Amino acid sequence: MTHTDVPSAGPCVLAVDVGGTTMKGVVVGEEGRIRHSVVVSSPAEADTSPVEALRGLCRQLNSDALALGAVPAGIGVVTPGIVDEAAGVVRYASNIRFRDVPLRTLIRDDLGLPVAVGHDVRAAGVAEAVSGAARGLDNFLMLPLGTGIAATVVLNGEPVAGADWSAGEVGHMPVHPGGELCACGQRGCLEVYASAGGLARRYIRLGGTPGLDSRAIAEATCTDPLARSVWDTATHALGTALATLTLTLDPACIVLGGGLAEAGAQLFDQVRATLQSALAWRAAPALLPSAFGARAAQVGAAILARRAAGLAVPEGWGAQNQGSEVPRSG
Ligand SMILES: [Zn+2]
């Protein structure tokens, strides 16, 4: 699928958000607007190599940009998993089948451009900090609540990577010691109860109506007692985990994104209430929805690309891409 807008003057950047089901590539103009987008399916098991599919997408984006009359200055590629941003290597990402992939070298050799390799959730946090919900804040958390849960921890203006590029795996924070088994091997992990995927799996496991996703479960809470119970458990687990994070890090705000955050006030009001009631002696930080939604990682990748190319990233850059999805055609 592709979508094209009128190209702008000045150098553009290329950005790719690699996920388990799709790879989303965009060309972003000098002024920060997404000018062209290409979405391809991530190759299925035993199909094309996922690394080759990604390299193909990057080459296509580069030639698409040139055909539009825009000259790429750099490219940013973000993935889930353990990403060594300093070396430009994706160490391990199970759901996209990457292991020790030297992405920066591969893509630089293919395109001859400066390449930034980043972690998708940390990149999403960068986008929210530069021009989104956490604009101008030096200390905040962002948690996309999707298939799983991870967090960007931004301290003193920088996303924290950790000693071994594994910071922010809060989805595996125990919220019910000895609780239900997580795919990671631990018990009682936050994402078993409170990720969009975990909530839906839990609802089915406890005997709920087959085929309901997290959004449908949220809508069914008024009429379906199991949906109500699973939903309340999720918001309580999340509020409890956020209390721990608040006490540890003292963030100015907490940004929630991903599929579950689309429930809006139904999620935010309950999580806020749990968070506030867990904190006796201090106020809870503001709980805000992601400004970029599903596009946060793409915009973050574009910001990383500009930085890799030595281009300035003024505050507010990329804010044009907030809100609804770019309409696609072709
Ligand atoms: Zn776990």
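Residue check: GLY118 meets all listed conditions (1) free of Cβ contacts under 8 Å to residues at least 40 places away in the same chain; (2) touching a Leu at 6+ places or on another chain (Cβ under 7 Å); (3) closer than 23 Å to GLU315 by Cβ but one, namely (1). Candidates are the residues of segment 187-222 that are modelled with pLDDT of 95 or more and on the phi > 0 side of the Ramachandran plot; the one that is farthest from the chain's Cα centre (by Cα) is GLY207.
Would you confirm whether any residue within segment 306-314 is small (Gly, Ala, Ser), part of a helix (DSSP H, G or I), at pLDDT 95 or above and under 30 Å from VAL115 (Cβ atoms)?
First, the residues of segment 306-314 that are small (Gly, Ala, Ser): 308-310, 312.
Then drop every residue that is not part of a helix (DSSP H, G or I), which leaves 308.
Remaining after also requiring at pLDDT 95 or above: 308.
Now drop any that are not under 30 Å from VAL115 (Cβ atoms), which leaves 308.
Yes, that holds for at least one residue.
Within segment 286-299, is even one residue among the hydroxyl-bearing types (Ser, Thr, Tyr), assigned to a loop (DSSP other than H, G, I, E, B) and touching a residue at least 12 places away in the same chain (Cβ under 8 Å)? The answer is yes; a qualifying residue exists.
Of all the criteria given as (1) over 18 Å from ALA15 (Cβ atoms); (2) at pLDDT 90 or above; (3) outside any strand (DSSP E or B), the one not satisfied by ASP47 is (2).
Just name the residue that is farthest from VAL115 (Cα to Cα) out of those in segment 31-44 that are free of Cβ contacts under 8 Å to residues at least 40 places away in the same chain and part of a loop (DSSP other than H, G, I, E, B). Here the answer is ALA44.
In the list ALA93, ALA65, ALA9, ALA70, which residue meets the criterion of being crowded, with 19+ Cβ neighbours inside 10 Å, modelled with pLDDT under 95 and more than 24 Å from PRO159 (Cα to Cα)? Testing whether each residue is crowded, with 19+ Cβ neighbours inside 10 Å, modelled with pLDDT under 95 and more than 24 Å from PRO159 (Cα to Cα) leaves just ALA70. Only one entry in GLY211, GLY198 is more than 22 Å from GLY125 (Cβ to Cβ) and either small (Gly, Ala, Ser) or not assigned by TED's automatic domain parsing to the domain that holds LEU137 (or both), namely GLY211. Within segment 140-165, the residues that satisfy the criterion of being outside any strand (DSSP E or B), in contact with a strand residue (DSSP E or B) (Cβ under 6 Å, 6 or more places away or on another chain) and over 13 Å from LEU238 (Cα atoms) are VAL160, TRP165. Filtered by the rule that a residue be touching a residue at least 12 places away in the same chain (Cβ under 8 Å), away from the ligand (no atom under 14 Å from the Cβ) and either over 25 Å from CYS253 (Cα atoms) or surrounded by fewer than 21 Cβ atoms within 10 Å (Cβ to Cβ) (or both), segment 148-194 gives LEU155, ASN156, GLY157, ALA161, ASP164, TRP165, ALA167. Sub-9 Å Cβ pairs linking a first residue in segment 263-275 that is within 17 Å of VAL175 (Cα to Cα) and in the same structural domain as ASP232 (by TED's automatic domain parsing) to a second residue that is surrounded by fewer than 14 Cβ atoms within 10 Å (Cβ to Cβ) and not hydrophobic (A, V, I, L, M, F, W, C), at least 6 apart or interchain, are GLN270/ASP232, ordered by first then second residue. Return a yes/no flag: does segment 203-217 have any residue that is away from the ligand (no atom under 15 Å from the Cβ), touching a Phe, Trp or Tyr at 6+ places or on another chain (Cβ under 6 Å) and closer than 24 Å to ALA265 by Cα. Yes.
The values are calculated or read from the model by the stated rules, or taken from the named source; none is laboratory data. These figures come from a predicted structure and were not determined experimentally. Heads up, the Cβs are rebuilt from the backbone with ideal geometry, glycines too, and the neighbour counts pull from every protein chain shown.
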